[in-house]
Amino acid sequence: MSNTSQNTPGNTPQIPPKVGIDRITFATPNCYLSMKDLAIARGIDPNKFTIGIGQSQQAVPPNHQDIVTLGAQAALPLMPYIDSNRLKMVIVGTESGVDASKSSALYIHKLLNLSAWVRCVEVKEACYGGTAALMMARDYVLVHPGAQVLVIAADIARYGVGTPGEVTQGAGAVAMLVSENPRVLQINDDSVVKSAEIQDFWRPVYQSTALARGKFSTEQYIRMFCDVWQRYSAENACNFNDFEAICFHLPYTKMGLKALRAGLEENSGAPHSCDGAPTTDDTRERLLARYQDSTQYSRRIGNIYTGSLYLGLISLLDYDYFRNSCDSSESACDLSSATHSNESPTRPSPLLPGQKIGLFSYGSGAVAEFFSATLVPGWRSALFSNQHIKTLNNRTQLTVSQYEEMFNSAAPYSPQDFVSSQKNRSGARFVLDSIKSQERNYRSI
């Protein structure tokens, strides 16, 4: 991407339009499992899950929910802001595709009754797919003034009952409407991307659960963050002091913290440290406090692969809203569920228009990207904060045995017919009813 101004035939410089996220929201299943309950059932100290991994709850999808239904549900609140004459693309980033050929975007397109005159595609590169979709959307709008693009990052993270990765499962979708003159964030033209063929995580097409080298993958995540951060800071002549907050891809909430600590490490000879300008104490406290805000939703939902970075972004913005904007008498504004650790006791000041937020995206295999976005005036008025917290607070808690039954009842990767359960449909607007003769049948409810 180029940040140079274009010239018109009259040789008058043309300033590129501001493009970014106009609206952003998420959806998650209406059932969850307590990580304390899971730890006890597995004979593990609960602190290993709640403190060591940093997860409190995990979204569990009933078998009538998949990336199509979750993606459509996430996009539903954006419908009043979509102009059928301006919407030109629907892009789904996912590593949980329901078909090796047909795009999940087409199923979502039908469920939402969108205009036929749009391009529907699905993109894949592990957890990086949502960022790839967002950048495609940004570039499209830059060269097609007035256009809107609907970006959906949807995934269900499955590792298996009783496996080491069980604590890092989850399910959900993030939907973003990308346009000119965005109401939330302008995406800046400053990204740095690195790709490398690394065998840290993969999922063969014939199975629904992932294969991973956990410790190795964590090491690659940190190394890729340091690499792209070093290049980004050099190319953009900046350092951590220039950012109000940094959001990370969050397979679990402590993962991003490990990379942030590496980046903030002032001693360049320390393990995993990133070279760069010294970071002030104020910056360190601010970034650590903002990081805790960005992890609140992931702590309660778990890993949603392509959507995890953007769920963190929503959490960052919503918790600023809860702290600074809403009436404390509203139950939706109750911050009692916040779990700020003692990593930083700082209470963040309000986020302000013009402040820059860094975003680190990582997809195993591997692709990493660091870019920034700038808050625009009036951004709080474009959020769905109260709806988000109500969605989480109104879910049904499962026992471990109920979770195991639900996990094992998922639609199989096989040619057999399948009929989904009628249970736990409360709050769901879209469901996978059945798979008959290898055709998926979705409907609105």
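So the values come out like this:
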{"item": "Hypothetical label at residue 279: residues of region 360-388 whose amide nitrogen lies under 18 Å (7 Å Cα-Cβ projection)", "result": "360-362, 369-373"}
{"item": "Probe 1.4 Å, protein heavy atoms only - accessible area per residue of the chain in square angstrom", "result": "42 Å²"}
{"item": "Cα gyration tensor, region 111-267 - rounded (a/c under 1.5), prolate or oblate", "result": "oblate"}
{"item": "Excluding exposed DSSP-loop chymotrypsin sites (Phe, Trp or Tyr not before Pro) (at most 13 other C-beta within 10 Å), longest clean stretch of the chain", "result": "207-412"}
{"item": "Cα centroid of region 413-445 to Cα centroid of region 113-165, whole Å", "result": "22 Å"}
{"item": "Estimated dipole of the chain in Debye, rounded to 20 [Cβ of Lys and Arg +1, of Asp and Glu -1, Cα centre]", "result": "860 debye"}
{"item": "Theoretical gain in end-to-end length, residue 242 to residue 79 [0.36 nm per residue, Cα-Cα removed]", "result": "55.2 nm"}
{"item": "Structure-derived Kirkwood radius over Cα pairs in Å - corresponding label in (i) 28.2; (ii) 22.1; (iii) 23.8", "result": "(ii)"}
{"item": "Accessible carbon and sulfur surface of the chain relative to its total accessible area, %, 1.4 Å", "result": "48 percent"}
{"item": "Sequence-separation-based contact order of the chain, relative, with Cα cut under 8 Å and 6+ spacing, percent", "result": "24 percent"}
{"item": "Sequence of 414, 34 when ordered by accessible area, the most exposed leading, probe 1.4 angstrom", "result": "414, 34"}
{"item": "Reachable lysines from residue 423, criterion Cα separation under 23 angstrom, eight or more residues apart if same chain", "result": "390, 436"}
{"item": "Loop GluC sites (Glu not before Pro), region 146-230 (other Cβ atoms within 10 Å of the site Cβ: 16 or fewer; DSSP)", "result": "197"}
{"item": "The chain: most fluctuating residue of 251, 348, 16 per GNM, C-alpha cutoff 10 Å", "result": "16"}
{"item": "In Å², nearest 10: area of residue 423 left accessible to a 1.4 Å probe", "result": "140 Å²"}
{"item": "Region 16-77 shape via C-alpha gyration tensor axes, a/c threshold 1.5", "result": "oblate"}
{"item": "Residue 168 - accessible surface, heavy atoms, 1.4 Å probe, Å² rounded to 10", "result": "20 Å²"}
{"item": "With DNA, RNA and ligands ignored, accessible area of residue 299 (1.4 Å probe; Å², nearest 10)", "result": "30 Å²"}
{"item": "Cut-off under 5 Å, modelled amide H: who pairs with residue 190 long-range", "result": "372"}
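The values are calculated or read from the model by the stated rules, or taken from the named source; none is laboratory data. Everything quoted here is computed from the prediction, not taken from an experiment. For neighbour counting, all protein chains shown are included, and Cβ atoms are generated from backbone atoms with ideal geometry for every residue, glycine included. Ligands, DNA and RNA are excluded from the accessible area calculation, which covers all protein heavy atoms including side chains. Shrake-Rupley method; radii C 1.70, N 1.55, O 1.52, S 1.80 Å.
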